[in-house]
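Visitor: This is the structure I have questions about; it appears just below.
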Amino acid sequence: MGWRRYFAVLGTGVAIAAACKGGPPNPYPEEVVRNFVTACRTNAAESICTCAIDHIQRRFTLDEFRAFEQRMAQGESPKELIDSVAECRGR
């Protein structure tokens, strides 16, 4: 599943921005966050995208996130990544 399809799945429902309190312990570089939110916004509300990247940063290192990007570019759907942002959609 590519980013577009991933964000379409993520974007179903309404997000509650308050679900993402505080910042991540090891934030990604601003450019990585901005690129994620920009790509995500093609299929989801900004609040969902912001919540998603916050949850991803809390759970995965930048190297792990980049590995997910590579897997997704090859058509894979990393379940652990999708599960980590589940509470950002459908609320």
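Visitor: I'm trying to understand the selection: among the residues of segment 46-91, which are of a type in the set (S, T, N, Q), exposed (fewer than 14 other Cβ atoms within 10 Å of the Cβ) and in a helix (DSSP H, G or I)?
Guide: Gln70
Visitor: Which condition from (1) within 11 Å of the chain's Cα centre (by Cα); (2) modelled with pLDDT under 95 is the one that Gly13 breaks?
Guide: (1) is the only condition that Gly13 fails.
Visitor: Output the number of the condition that Tyr6 fails; it satisfies all remaining conditions of (1) of a type in the set (Ser, Thr, Tyr); (2) modelled with pLDDT of 55 or more; (3) surrounded by fewer than 18 Cβ atoms within 10 Å (Cβ to Cβ).
Guide: It is condition (3) that Tyr6 fails.
The values are calculated or read from the model by the stated rules, or taken from the named source; none is laboratory data. This one's a predicted model, so the numbers in the text were calculated from it and none came from an experiment. For neighbour counting, all protein chains shown are included, and Cβ atoms are generated from backbone atoms with ideal geometry for every residue, glycine included.
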